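The values are calculated or read from the model by the stated rules, or taken from the named source; none is laboratory data. The structure presented is a predicted model; accordingly, all values stated were derived computationally and were not measured. Glycine gets a Cβ as well: all are built from the backbone with ideal geometry, and neighbour counts include every protein chain shown. Areas reflect the complete protein model, heavy atoms only, side chains present, ligands, DNA and RNA absent. Shrake-Rupley method; radii C 1.70, N 1.55, O 1.52, S 1.80 Å.
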Amino acid sequence: MKNFKFLFSVAVASALIGCSSMSVDEEDALAGNFPEDFSDVTYMNLHPELVRVQVKDFVSKYNAKLEEDAKAAETTAAFDSIKAADTAAYFGDTALLHKIMVDPMFAGFTEAAWAAAWTSTTRDTTYDVPKDTVQVEIYDSTSATKIQMRLFDADSAKKGSIVVTDGKITAVTGYRYDYKKDTTELMVEATDAFYKFILVDADSAMKGSVVVTDGKITKVTGYKYESADGKTWTTADSTLLVEFEVADGMTIESKGIKTKDSWSTADATLLVDLAIDEKMSIDSAKGIQVTLETVTEQLPVEGGLSKQQLNVLKSLNLYGVADDYAKLKEFQVDMFAVAYQYVIFGREHGWAYRLCTEAEKANAPYDPEVYPATKLYCADDNGITHEIN
């Protein structure tokens, strides 16, 4: 609710820039909408955000005019150079930034915020570090196969170990698994029909087999399906394993073979020693799996302005102006726009228009749930809004 009020009022004030050109009659017509003791200067000092939006609008239009003039004069490159040099000088002048940042009419930050921004602190940084090697995968170029050495057993207890010599893994003790590429389905094309053999049953258990002789498949045992066109398949008994001799003249295309990757071991409970020679390789990025341990430590954070603060200061930089603060101080606030904001928004939203007397500081504070406000309000020394009886 507070943010809504602030943003809405700022939008209204921005829209009213230039309203000081209104006629005397129009200003007189508004006079009856103000409390008798209303002062536009006091209201402005209580709500400097109404000035800040005017200042930012002035800076935006000032810089836009410079850019438009440069485009019209075809001197954009020179303008860009001036803009870059000015921006670097602006953000490099800490004393200048300080004055702009803590001025309530410009950036509006406090001295405490400025001091805090430049105070070096520490922050917790959490990251994961490798703890235990879990598995090492080795490629053997001699046999063109892969081997997995798992260092943890089924109960997650570490039983294996690795030996590192001169920065390289030279031996692994673990549970050995050998890579397999199992045939799961095979299609044979004969002169009069197509035959498809499923080597894995409905429970995904490997029941079938393939016999290879002299590099060729010569026999298949599996669940046999037949087809006349290779599309519609039939079988006499899909639960019956059938042996099939692949005769001369029959073909098996590579796309007619389906496989699955798996790892097998003769004895998964047996720890095995494996020496890694020069013909074996380990991909350090993928071939080694580890468990990670989360570590949190405090790292120093160098002081500096936040992104929000830098963005606000950026919006107040006048291109080509050596002393931005002095130029901003020359800005003439549209006091009519400031006062008019109270009439169209501030009053019904319970904005304080003056400081409280000592007696009024004890009055009830403003209730933001009450809208529209039916009373007038003042602000105490701490910026708390109170009813005016």
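Listing for the model above:
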| read-out | value |
| --- | --- |
| Filter result (acidic (Asp, Glu) and either open to solvent by 70 Å² or more (accessible area, probe 1.4 Å) or assigned to a loop (DSSP other than H, G, I, E, B) (or both)) within region 350-375 | GLU358, ASP367, GLU369 |
| Residue within region 210-222 that is at pLDDT 90 or above, of a type outside the set (Val, Ile, Thr) and either over 30 Å from SER143 (Cα atoms) or open to solvent by less than 40 Å² (accessible area, probe 1.4 Å) (or both) present | yes |
| Residue tally, condition part of a helix (DSSP H, G or I), touching a residue at least 40 places away in the same chain (Cβ under 8 Å) and hydrophobic (A, V, I, L, M, F, W, C), over region 90-118 | 7 |
| Region 265-279, subset assigned to a strand (DSSP E or B) and under 16 Å from ASP140 (Cα atoms), residue least open to solvent (accessible area, probe 1.4 Å) | LEU274 |
| Filter result (among the acidic types (Asp, Glu) and loosely packed, with under 14 Cβ neighbours inside 10 Å) within region 98-129 | GLU111, ASP124, ASP128 |
| Filter result for ALA13 (in a helix (DSSP H, G or I), among the small types (Gly, Ala, Ser) and either within 21 Å of ILE384 (Cβ to Cβ) or at pLDDT below 95 (or both)) | yes |
| Number of positions in region 231-258 that are surrounded by 13 or more Cβ atoms within 10 Å (Cβ to Cβ) and at positive phi | 0 |
| Qualifying position, being in a strand (DSSP E or B), out of contact with any strand residue (DSSP E or B) (no Cβ under 6 Å at 6 or more places or on another chain) and free of Cβ contacts under 8 Å to residues at least 40 places away in the same chain, among VAL212, VAL220 | VAL212 |
| Residue match in region 325-347 (condition: closer than 30 Å to THR76 by Cβ and part of a loop (DSSP other than H, G, I, E, B)) | yes |
| Any hit, region 177-194, residues being small (Gly, Ala, Ser) and more than 30 Å from ILE288 (Cβ to Cβ) | yes |
| Odd one out for GLN148 among (1) open to solvent by 70 Å² or more (accessible area, probe 1.4 Å); (2) assigned to a strand (DSSP E or B) | (1) |
| Residue match in region 152-167 (condition: in a strand (DSSP E or B), in contact with an Asp or Glu (Cβ under 9 Å, 6 or more places away or on another chain) and modelled with pLDDT of 90 or more) | no |
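Residue-wise test of (1) under 35 Å from the mean Cα position of the chain (by Cα); (2) farther than 18 Å from VAL312 by Cβ.
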site: LEU50; (1), (2): yes, no
site: GLN54; (1), (2): yes, no
site: ASP57; (1), (2): yes, no
site: GLU67; (1), (2): yes, yes
site: THR75; (1), (2): no, yes
site: ILE82; (1), (2): yes, yes
site: ALA85; (1), (2): yes, yes
